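Notes for the one structure printed next.
The values are calculated or read from the model by the stated rules, or taken from the named source; none is laboratory data. Quantities reported herein were computed from a predicted structural model and do not represent experimental measurements. Cβ atoms come from the backbone with ideal geometry, glycine included; neighbour counts cover every protein chain shown. Side chains are part of the model used for accessible areas, which takes the heavy atoms of the whole protein and leaves out ligands, DNA and RNA. Shrake-Rupley method; radii C 1.70, N 1.55, O 1.52, S 1.80 Å.
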Amino acid sequence: MNHSTSIGLDVHARSIAASALVHETGEVVRASFGYDPAAVAAWAAALPQPCRAVYESGPTGFDLKRSLDALGLPTAVGAVSKMLRPSGDRVKTDRRDADFLARMLAVGNVVECFCPTPEQEAARDLARARADAREDLMRARNLLSKMLLRKGIVYQGRSAWTKAHRDWLRAVELPLASERLVLSEYLQQ
């Protein structure tokens, strides 16, 4: 352990609950912040140095880690799946989670996640967006096919989702306006 104060951060989109465990005295210092890395770093600077912080991996990503590192507060992102919580610990509050993270960091029981560079994270986002678009396309195709099947309309060509199939879909005539609207929506998707 190469730090004197372990800081646990329970991070949410709009708030951060912080709990600092001072190793020498056992004192616990708590604070709450809006999502403001500068305020967290300033608070940590007033604690016995050197400090180290940790927060759980999750939807908030790695921006907070990068910001706190740049502000002089070394921060780890802990793999939430590797953190062993005591059995019977079912009450979750921001303060208790921050206390737990500070204790885990103090005893060296945090498995750190790899922190990608902003470029790597952007590439991951692009890959996710492409996968999401592909899933949306497959879902729209499935919904369109099933809607037509419920109406007894089946494509007789060889392969679906070809130019000939798309031309056939555009030529399908449905009697009700609401059905035509649904067909149009699925075709746009």
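One table, with the values for the structure above:
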item	result
Value of relative contact order over segment 70-189, rounded to a whole percent, pairs C-alpha under 8 Å and six or more apart	25 percent
Cβ-defined net charge surrounding Leu64, 12 Å radius [Lys, Arg +1; Asp, Glu -1]	-3
Potential extension, Gln49-Arg141 segment - 0.36 nm per residue separation minus Cα distance	27.3 nm
Three-way shape call for segment 59-137 based on the alpha-carbon gyration tensor, with the a/c threshold at 1.5	oblate
Cα-based shape type of segment 105-152, given that a ≥ b ≥ c are square roots of the gyration tensor eigenvalues and the cut on a/c is 1.5	oblate
Options (i) 49; (ii) 41; (iii) 59 - which one matches percent of Cα pairs over 22 Å apart as calculated here	(iii)
Overall form of segment 24-102 per C-alpha gyration tensor (a/c, 1.5; a/b vs b/c)	oblate
Nearest 10 degrees, 0 to 90: helix 177-188 Cα axis against the chain principal axis	60 degrees
Cα-Cα separations in segment 1-66 greater than 14 Å, expressed as whole percent	53 percent
Heavy-atom accessible surface of segment 1-121: percent carbon and sulfur, 1.4 Å	54 percent
Packing rank of 75-82, 124-131, 51-58, where each peptide gets the mean count of other beta carbons within 10 Å, highest leading	51-58, 75-82, 124-131
Average accessible surface area per residue within the chain, 1.4 Å rolling probe, Å²	62 Å²
Spacing of the two label points (7 Å from each Cα toward its C-beta) at Val182 and Arg103, in nm	5.5 nm
Around Val54: net Lys/Arg minus Asp/Glu count, Cβ-Cβ under 13 Å	-2
Additional length obtainable on full extension of the chain from Val111 to Ala164, 0.36 nm per residue less Cα span	13.7 nm
Length added when fully stretched, Arg130-Val172, from 0.36 nm per residue minus Cα-Cα	12.1 nm
